[in-house]
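The values are calculated or read from the model by the stated rules, or taken from the named source; none is laboratory data. None of the values given here were measured: they were computed from a predicted structure. Because the Cβ atoms are built from the backbone with ideal geometry, glycine has one as well, and the counts that use them run over all protein chains shown.
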């Protein structure tokens, strides 16, 4: 299963999407630890269809890398460790996600 959340920084800033995966069938392993080999593929829409470019991907230690996307989608490999995708087109997120209960925005 894939888990995540997304938010937009103030003043029409970039969108930051946090993503990770978890599967109770592989957590914990027989030795009581996380399976370092467990991962799942995930396609995240970051821009309009037909567009290409790059987004920043930040690992859980804060290390950024530039990752290419095509047709508005970046293909990711998710693990138990969260990653953060920084993108710019907030319109692609419109209507796809639910705000937390009680959230009123700024």
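A few comments on the model shown:
- Some residue of region 76-92 being assigned to a helix (DSSP H, G or I) and touching a strand residue (DSSP E or B) at 6+ places or on another chain (Cβ under 7 Å): yes
- Scanning region 38-53 for residues being under 14 Å from the mean Cα position of the chain (by Cα) and outside any loop (DSSP other than H, G, I, E, B) gives a total of 6.
- For region 81-96, the criterion of being modelled with pLDDT under 90 and either at positive phi or surrounded by 10 or more Cβ atoms within 10 Å (Cβ to Cβ) (or both) is met by at least one residue.
- Any hit, region 63-73, residues being at positive phi and either modelled with pLDDT of 95 or more or in contact with a strand residue (DSSP E or B) (Cβ under 8 Å, 6 or more places away or on another chain) (or both): yes
- Candidate set: region 66-91, residues that are touching a residue at least 40 places away in the same chain (Cβ under 8 Å) and closer than 10 Å to residue 45 by Cα; chosen: the one farthest from the chain's Cα centre (by Cα): 89
- Checking each residue in region 1-37 for being surrounded by 15 or more Cβ atoms within 10 Å (Cβ to Cβ), farther than 18 Å from residue 87 by Cβ and within 17 Å of the chain's Cα centre (by Cα) picks out 21, 22.
- Any hit, region 48-57, residues being without any contact (Cβ under 8 Å) to a residue 60 or more places away in the chain, exposed (fewer than 12 other Cβ atoms within 10 Å of the Cβ), at positive phi and out of contact with any strand residue (DSSP E or B) (no Cβ under 8 Å at 6 or more places or on another chain): yes
- Residues in region 17-63 that are under 18 Å from residue 79 (Cα atoms) and in contact with a helix residue (DSSP H, G or I) (Cβ under 7 Å, 6 or more places away or on another chain): 35, 38.
- Residue tally, condition more than 23 Å from residue 23 (Cβ to Cβ) and surrounded by 12 or more Cβ atoms within 10 Å (Cβ to Cβ), over region 59-70: 3
- Every listed requirement among (1) more than 14 Å from residue 6 (Cα to Cα); (2) at pLDDT 95 or above is met by residue 102 save one, (2).
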